[in-house]
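Note sheet for the following structure.
The values are calculated or read from the model by the stated rules, or taken from the named source; none is laboratory data. The structure displayed is predicted, hence computed values, not measured ones. Methodologically, a virtual Cβ is constructed for each residue, glycine included, from the backbone with ideal geometry; neighbour enumeration extends over all protein chains shown. Ligands, DNA and RNA are excluded from the accessible area calculation, which covers all protein heavy atoms including side chains. Shrake-Rupley method; radii C 1.70, N 1.55, O 1.52, S 1.80 Å.
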Amino acid sequence: TLALARIGDPAPLTALATSPSRALRVDAVVTLRRMGNAGVARFLADSDEYVVAEAARAINDDASIEEAIPALAKLLGETKFTSEPILRRAVNANLRLGTAEAAKRVADFAARAGAPENDRVDALGALAVWPKPSVLDRVDGSPRGPQTRDSTIARTALAPIVAPLLSGGTPPARAAAAEAAGRLRVTGAAPALLATLKADAEPTVRIAALDALRAIGGATAEPAIRAALADRDQ
């Protein structure tokens, strides 16, 4: 792979995307990663999840391959993947794009019942920081620089899924949904958050709902405080 990367001809490497040899396809991905060549995106369609994961690492990690980020982002719309290395990088790719389409894709994934729980929580966390992501990459910590975006993009994507997640999600997903709603000031979620604060079985979720209602403010702030003061958990 080092020798092929120094030769620097991507065409024979991208052609290996159709090779029946898994080893050759992996070597092609590693070589294209060394070259920083966007042709590695062809391997995102591979039938082997390990090859796809290596392609996702090549595109997202370290210096990353910017031209291939949109292709990685689109993977989140597919339902066949369960690999955390793939899904985390696909979520992150959408966050890096920052478009309304990307935010909708992340929200749809967060609401997908069959998706791995940890990755759904990660998707909600990405929406929560959408207006101002960390200067460090969410996956590998590489510096990406400051970004500031209109919070309306993430708020619009999150709003329809907050109430369903609060009523039917797992405890980590319910807490993450409440936190995201608070960070993004999703005012329409206030009634569902108040109901969660009053009735949810998990103290951590009730606390997250209270924090979100405090951040949103408005008419539900006082009932939220009264409900929290009367809570059964110390």
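Over the Cα atoms of the stretch 63-181, what is the Rg over Rh ratio if Rh follows Kirkwood?
Expressed as Rg/Rh, it is 0.94.
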>> Suppose R0 equals 41 Å. What FRET efficiency, 1/(1 + (r/R0)^6) with r the Cβ-Cβ distance, do Glu222 and Asn118 give to the nearest 0.05?
In response: 0.70
> Projected onto the charge dipole of the chain (+1 at Lys/Arg Cβ, -1 at Asp/Glu Cβ, origin at the Cα centre), which of Ala11, Ala28, Pro223 gives the Cα projection farthest towards the positive end?
Replying inline: Pro223
> For the stretch 1-121, with only Lys/Arg (+1) and Asp/Glu (-1) charged at the beta-carbon, what is the dipole magnitude about the Cα centre, in debye rounded to 20?
Replying inline: 80 debye
> Where nothing but the Cβ of Lys and Arg (+1) and of Asp and Glu (-1) is charged, how large is the charge dipole of the chain around its Cα centre, in debye to the nearest 20?
Replying inline: 400 debye
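Within the chain, what is the number of lysine pairs with alpha carbons under 23 Å apart, leaving out pairs fewer than eight places apart on the same chain?
The number of close lysine pairs in the chain is 4.
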> Out of these labelled values of log10 I(q)/I(0) by the Debye sum over Cα atoms at q = 0.07, 0.14 Å⁻¹, [x] -0.22, -0.85; [y] -0.24, -0.98; [z] -0.28, -0.85, which was calculated from the coordinates shown here?
Replying inline: [z]
> Over the heavy atoms of Arg96, what accessible area does a 1.4 Å probe trace out, to the nearest 10 Å²?
Replying inline: 40 Å²
> How far is helix 22-35 tilted, in degrees, relative to the longest principal axis of the Cα atoms in the chain, given as a value from 0 to 90 rounded to the nearest 10?
Replying inline: 80 degrees
> Within the accessible area of the stretch 1-140, what % is carbon and sulfur when the probe is 1.4 Å and the other protein chains stay in place?
Replying inline: 53 percent
> What whole-number value in Å² describes the accessible area per residue of the stretch 1-107 for a 1.4 Å probe?
Replying inline: 45 Å²
> Under the rule of -39500 (n - 2.57) per DSSP H run of 4 or more residues, summed and divided by the residues of the chain, what mean residue ellipticity at 222 nm is obtained, to the nearest 500 deg cm²/dmol?
Replying inline: -18500 deg cm²/dmol
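About its Cα centre, how strong a charge dipole does the stretch 144-191 have in debye, to the nearest 20, once Lys and Arg get +1 and Asp and Glu get -1 at the Cβ?
Charge dipole, the stretch 144-191, about its Cα centre: 120 debye, nearest 20.
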